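Below is one structure, written out as structure tokens, with a few remarks after it.
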Amino acid sequence: MARARGYWLMKSEPGTYSIDDLARDGRTRWEGVRNYQARNYMRDQMKVGDLALFYHSSAEPSGVAGVAEIASAAYPDPTQFDGQSPYHDPKSKKDDPAWLLVDVTFVEKLPEVLALQRLKADASLSSMLVLRRGQRLSVMPVERAHFARVLRLGKARTRV
């Protein structure tokens, strides 16, 4: 039996990499994840074909800016070995890399950013991980019903 599609939220600061950058590039490596739980989600649960809410963090407003699709299995993040990269990790070894990434492809940009405050105001999203106090992961799972609701609120063309 085929595995059901997974749903994710992936955060990026738009000054570093935005939904517009992904729309221009079409595909990118989701590099720089330096949290073990987020890495484990990518390594153990994320699959090609899963969908992700592209979330602009540390922005005005912060919120869901678009939709991406997971385009590769997890593989070693080369920035961990690059001494010039802000994501360099001198403790990580090439024969036993600590950090992984996945490739993502552009699906769509929302007509406008669906602001965090709007997400918080929707009672049906109250248990969504990104809305939990202290939740700072850059990659996190999203329940299918929450994903579908966010798409509707954001006036997305994509459906689940």
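The values are calculated or read from the model by the stated rules, or taken from the named source; none is laboratory data. What you see is a predicted model, and the numbers here were worked out from it, not measured in a lab. Every residue, glycine among them, receives a Cβ derived from its backbone with ideal geometry; neighbour counts consider all protein chains shown.
A few remarks follow.
- Taking the conditions (1) over 15 Å from Tyr87 (Cβ atoms); (2) of a type in the set (Asp, Glu); (3) without any contact (Cβ under 8 Å) to a residue 60 or more places away in the chain in turn, Asp20 satisfies each one other than (3).
- Scanning region 51-61 turns up one or more residues that are aliphatic (A, V, I, L, M), within 21 Å of Ile19 (Cβ to Cβ) and in contact with a Pro (Cβ under 6 Å, 6 or more places away or on another chain).
Listed here are the residues, each with its yes/no results for (1) within 18 Å of Arg144 (Cα to Cα); (2) at pLDDT below 95; (3) loosely packed, with under 14 Cβ neighbours inside 10 Å; (4) not acidic (Asp, Glu).
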position	(1), (2), (3), (4)
Met1	no, yes, yes, yes
Gly6	yes, no, no, yes
Met10	yes, no, no, yes
Arg24	no, no, yes, yes
Val33	no, no, no, yes
Met42	yes, no, no, yes
Met46	yes, no, no, yes
Leu53	yes, no, no, yes
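- Filtered by the rule that a residue be farther than 30 Å from His88 by Cα and surrounded by 21 or more Cβ atoms within 10 Å (Cβ to Cβ), region 101-149 gives Leu110, Val113, Leu114, Leu119, Met128, His146, Phe147.
- So Arg152, is it surrounded by fewer than 17 Cβ atoms within 10 Å (Cβ to Cβ), touching a residue at least 24 places away in the same chain (Cβ under 8 Å) and within 24 Å of Ala71 (Cα to Cα): no
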